[in-house]
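**Student:** Dropping a structure here in structure tokens format, bear with me for questions.
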Amino acid sequence: MKLMDVVIPTGVIRSGMSIGEAYRACVTHNVAGLPFCDATGAIVGRFSLRYTFRKHCIPNDMVDNAHMLGDTIACEDALEVASGNMLNLSVDDYIIENVATITPTSPVVKALSIMEKFNSSYLFLLENGHYIGVITRMRIANLMLKHHKLL
Amino acid sequence: MMADISVALTTNMLIALAIMLSAYVMIFSEILHRTSSAIIGAVVMIGVGTYTGFYSQDLAIEAIDGNTILLLTAMMMVVAMVRPTGAFEYVAVALAKLSHGDLRLLLIYLSLVVSVISMFLDNVTTVIIFAPITVLIARILEVNPLPFLMAEAMLSNIGGAATLVGDPPNIMIGSAASIDFTRFITHMGPAIAPVWLGSVLLILFIFRKHLGKVSKPVALNEGKAIRDVGALMRAMFALAVIIILFFVHHHLGLYPAYVAFVGLCIALILERPEPGALFGEVNWSVLAFFVGLFIIVGGIESSGLLHWVGLQLVGLTRDPEQLLLAGLAVMWVAALLSAVVDNIPFTVTVIPIVLGLEGMGINITPFWWALAIGVGLGGNGTHVGATANLIAIAESEKCGIKGAAITPLAWMKVGIPTMFSSLIVASAVYALFFPFFM
């Protein structure tokens, strides 16, 4: 199995884009995050669905006590999500600096190890410094199933 | 080798004083992390003291109060095993439901439980646990968590002042003065109980506009808080053994630290925690900070400076009729200083001075209680007065609820009146029942 077999080619996120546009790009490609590039095209960070939800919609106190939450809770943060205000905000304030990358010649086990190390479900494939696409656990699992003719 | 006791200031005393002041400036100004500053100060004190002859490595090791360090270590490990059981979250949610939307009752219940827990466990840990669940309860009830967070931090500090193990300065005082757990709580309890009541009433009055009634239900399932009933029972059993032994440790000739380790052993045998995770929960930075301070103050003591300070104070304290005034002065100075700077370095420095007075024929017992009351209550005055305050503030800032963020000024508007009313009440009890504190 080669990483080029499982890569998902995508565009990148750039400064000034809205969270809504970034969400659309993620949803279109079925990935949980995308690289954030500066004007020169260099990857300087990443946009993550999880991080924006965590920063904007889920308070720490809810996360800490998530196991106790009832089904009838309602709070202003949920309204914020429903109203869609968040989607109009710029992505610039929601970029994570640490980026996990890998090259096409790396084995799949290395890709999985890096995802584990970064506590992430995806990483970015770069060839000679140029962005190729996203590697996800889902795509690796998908290819495994196909390889063993279980899908 | 200790320096010859001198009635005049010597060069060695001034050198030791300069090293201590430099270390304290670094600690209070936070130029470096306070632990780093204490370690650097300790190393310099030993090095310079050895070179000039007033201190040595052996004296530095003797200066470390093993009972304090070991007691804190054991209790940190016990807390690390109690905390994940979810017992505290269970209690908080159950009390929230018991208040039936009456926010005054909710504040009283949460303050009471935080105070009681802080009497036996580290109050910083108590606030770390209670602050997020308090914010969540407030969020669900759609009320401002600010009054609850401030009340919890302040009453946790007050509750911790009542017992030997409730606050690190108390551990140090108890260890230095050989005051056992029962004697500590029976002396501090009568002073702290009216202070607690007065503070709750004052906080209820200050926040009266925020504390009405709400009709929203507390949509939290406290039953889900307890993840492992067996683990909870085992941890509570170990904790119960520790608390029972605290009350009788002096009859058995046991140090409080040994008692804590007995309970820890029970928990280790019953719970069999993963060592890496358990030891990772111990706040080594705090322990290293205390060790550094003990060594620095040991150098000061060894230089003879603290004896010299004692000689200057002996005239003020020798007259039994002046003893009450001297005790009140200790209490208020300790409180006012603890409001603006870390009370640990202050306590560590004052303890040998008080001990030195004993050698000059002074009855120092009233000073121990005055010191414990002062450093315990002073921390409520400002946001930097106690670590629990900073935790409540951090929780209020990150919760994102409108109007919840506690600014330093907002803290002082409540903290200063609370501190002064507490000190007035405590001073009245101290003065009225002074023979009891002698």
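**Student:** Yes or no: B:Ala405 in a helix (DSSP H, G or I), of a type in the set (Gly, Ala, Ser) and closer than 27 Å to A:Asn65 by Cβ? Spell out how you get there, then give the answer.
**Tutor:** Numbers: in a helix (DSSP H, G or I): no; of a type in the set (Gly, Ala, Ser): yes; closer than 27 Å to A:Asn65 by Cβ: yes.
Criteria not met by B:Ala405.
**Student:** Something else about it: Please enumerate the residues belonging to segment B:209-240 that are among the basic types (Lys, Arg) and assigned to a helix (DSSP H, G or I). Break it down into steps so the answer makes sense when it comes.
**Tutor:** Within segment B:209-240, the first condition is being among the basic types (Lys, Arg), and the residues that meet it are B:209, B:213, B:216, B:224, B:227, B:234.
Scanning segment B:209-240 gives B:Lys224, B:Arg234.
**Student:** Looking at (1) away from chain A (no Cβ under 14 Å); (2) open to solvent by 10 Å² or more (accessible area, probe 1.4 Å); (3) of a type in the set (Gly, Ala, Ser); (4) in contact (Cβ under 8 Å) with a residue 40 or more places away in the chain, which is the one condition that is false for B:Ala191?
**Tutor:** (2)
**Student:** What is the number of the single condition among (1) open to solvent by less than 60 Å² (accessible area, probe 1.4 Å); (2) within 14 Å of chain B (Cβ to nearest Cβ) that A:Ile135 does not meet?
**Tutor:** Every condition holds for A:Ile135 apart from (2).
**Student:** Right, next: Scan segment B:47-54 and tell me whether some residue there is within 14 Å of chain A (Cβ to nearest Cβ) and either in contact with an Asp or Glu (Cβ under 9 Å, 6 or more places away or on another chain) or on the phi < 0 side of the Ramachandran plot (or both).
**Tutor:** The initial filter retains those residues of segment B:47-54 that are within 14 Å of chain A (Cβ to nearest Cβ), namely none.
So far as segment B:47-54 goes, no, none of its residues is within 14 Å of chain A (Cβ to nearest Cβ) and either in contact with an Asp or Glu (Cβ under 9 Å, 6 or more places away or on another chain) or on the phi < 0 side of the Ramachandran plot (or both).
**Student:** Which fully enclosed helices (runs of 4 or more DSSP H) of segment B:1-97 have 3 or more residues being free of Cβ contacts under 8 Å to residues at least 24 places away in the same chain?
**Tutor:** Where helices (runs of 4 or more DSSP H) fall fully within segment B:1-97 and carry at least 3 residues being free of Cβ contacts under 8 Å to residues at least 24 places away in the same chain, they are B:11-29, B:34-52, B:57-63.
**Student:** I'd like to check something: does segment B:172-184 contain any residue that is away from chain A (no Cβ under 14 Å) and farther than 28 Å from B:Ala288 by Cβ? Don't jump to the end; show me each part of the working.
**Tutor:** At the first step, the residues of segment B:172-184 found to be away from chain A (no Cβ under 14 Å) are B:172-184.
Add one more test, that the residue is farther than 28 Å from B:Ala288 by Cβ, and what stays is B:182-183.
Yes, that holds for at least one residue.
**Student:** A further question follows. Which of the residues spanning segment B:30-61 are of a type in the set (Phe, Trp, Tyr) and touching a helix residue (DSSP H, G or I) at 6+ places or on another chain (Cβ under 6 Å)? I'd like the intermediate steps shown before the answer.
**Tutor:** Within segment B:30-61, the first condition is being of a type in the set (Phe, Trp, Tyr), and the residues that meet it are B:51, B:54-55.
Across segment B:30-61, the qualifying residues are B:Phe54, B:Tyr55.
For every residue, the table says whether it meets (1) hydrophobic (A, V, I, L, M, F, W, C); (2) open to solvent by 10 Å² or more (accessible area, probe 1.4 Å).
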residue	(1), (2)
B:Ala231	yes, yes
B:Met236	yes, yes
B:Ile242	yes, no
B:His250	no, yes
B:Pro275	no, yes
B:Trp284	yes, yes
B:Ile296	yes, no
B:Val314	yes, yes
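**Student:** Continuing with this model, one more query. Would you please name the residue that is surrounded by the fewest Cβ atoms within 10 Å (Cβ to Cβ), looking only at residues in segment B:252-267 that are of a type in the set (A, V, I, L, M) and without any contact (Cβ under 8 Å) to a residue 12 or more places away in the chain? Let's see the steps before the verdict.
**Tutor:** At the first step, the residues of segment B:252-267 found to be of a type in the set (A, V, I, L, M) are B:252, B:254, B:257, B:259-260, B:262, B:264, B:266-267.
Still in the list and also without any contact (Cβ under 8 Å) to a residue 12 or more places away in the chain: B:252, B:254.
Details: B:Leu252: 9, B:Leu254: 17.
Taking the candidates together, the pick is B:Leu252.
**Student:** Then there is this: Of B:Ala394, B:Ala370, B:Ala386, B:Ala431, which residue is surrounded by fewer than 18 Cβ atoms within 10 Å (Cβ to Cβ) and more than 14 Å from chain A (Cβ to nearest Cβ)? Give the derivation first.
**Tutor:** On the way: B:Ala394 fails: more than 14 Å from chain A (Cβ to nearest Cβ); B:Ala370 fails: surrounded by fewer than 18 Cβ atoms within 10 Å (Cβ to Cβ); B:Ala386 fails: surrounded by fewer than 18 Cβ atoms within 10 Å (Cβ to Cβ).
Going through B:Ala394, B:Ala370, B:Ala386, B:Ala431 in turn, just one is surrounded by fewer than 18 Cβ atoms within 10 Å (Cβ to Cβ) and more than 14 Å from chain A (Cβ to nearest Cβ): B:Ala431.
**Student:** Which of the residues spanning segment B:212-227 are away from chain A (no Cβ under 12 Å) and charged (D, E, K, R)? Can you show your working first?
**Tutor:** Step one: of segment B:212-227, the residues away from chain A (no Cβ under 12 Å) are B:212-215.
Listed by number, the list holds a single entry, B:Lys213.
**Student:** So, one more: Report yes if some residue within segment B:268-284 is touching a Gly at 6+ places or on another chain (Cβ under 8 Å) and either over 22 Å from B:Phe181 (Cβ atoms) or not acidic (Asp, Glu) (or both); otherwise report no. Steps first, answer last, please.
**Tutor:** Of all residues in segment B:268-284, those touching a Gly at 6+ places or on another chain (Cβ under 8 Å) come to none.
Scanning segment B:268-284 turns up no residue that is touching a Gly at 6+ places or on another chain (Cβ under 8 Å) and either over 22 Å from B:Phe181 (Cβ atoms) or not acidic (Asp, Glu) (or both).
The rows are residues; the columns are (1) within 14 Å of chain B (Cβ to nearest Cβ); (2) out of contact with any helix residue (DSSP H, G or I) (no Cβ under 7 Å at 6 or more places or on another chain); (3) at negative phi.
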{"position": "A:Thr40", "(1), (2), (3)": "no, yes, yes"}
{"position": "A:Asn60", "(1), (2), (3)": "yes, no, yes"}
{"position": "A:Gly70", "(1), (2), (3)": "yes, yes, yes"}
{"position": "A:Leu87", "(1), (2), (3)": "no, no, yes"}
{"position": "A:Pro104", "(1), (2), (3)": "no, no, yes"}
{"position": "A:Lys110", "(1), (2), (3)": "no, yes, yes"}
{"position": "A:Met115", "(1), (2), (3)": "no, no, yes"}
{"position": "A:Asn119", "(1), (2), (3)": "no, yes, no"}
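The values are calculated or read from the model by the stated rules, or taken from the named source; none is laboratory data. Remember, it's a predicted structure, so these values are computed and weren't measured experimentally. All Cβ positions, even for glycine, are placed from backbone atoms using ideal geometry, and neighbour counts span all protein chains on display. Protein only, heavy atoms only, side chains kept; ligands, DNA and RNA dropped before computing areas. Shrake-Rupley method; radii C 1.70, N 1.55, O 1.52, S 1.80 Å.
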